[in-house]
Amino acid sequence: MKKYLPYRPVLYLPKTKSERVMDIIGITLFLGAILFVGVNWGNIPESIPAISILKGR
């Protein structure tokens, strides 16, 4: 019995222009979300009252 996987060819498929555009849009939105949280980090405790959440109100 063979203890290794059978040979599987590796396909190198180039991305289409629309795939590249979608990748750029996705990366931009992800980085924008991180930047948004970073910029607003100091205001988060003011907008989400943690004490009332912990007390159950």
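The values are calculated or read from the model by the stated rules, or taken from the named source; none is laboratory data. In this text, all values refer to a predicted model and were calculated from it rather than measured experimentally. Reconstructed Cβ throughout: ideal geometry from the backbone, glycine too, with neighbour counts over all protein chains shown.
In region 16-45, how many residues are at pLDDT 95 or above and not in a helix (DSSP H, G or I)?
The number of residues fulfilling the criteria is 1.
Could you please tell me which pairs satisfy a Cβ distance under 9 Å, a separation of 6+ or placement on different chains, a first residue in region 21-45 that is surrounded by 10 or more Cβ atoms within 10 Å (Cβ to Cβ), and a second residue that is among the small types (Gly, Ala, Ser) and assigned to a helix (DSSP H, G or I)?
Pairs found: Asn40/Ser47.
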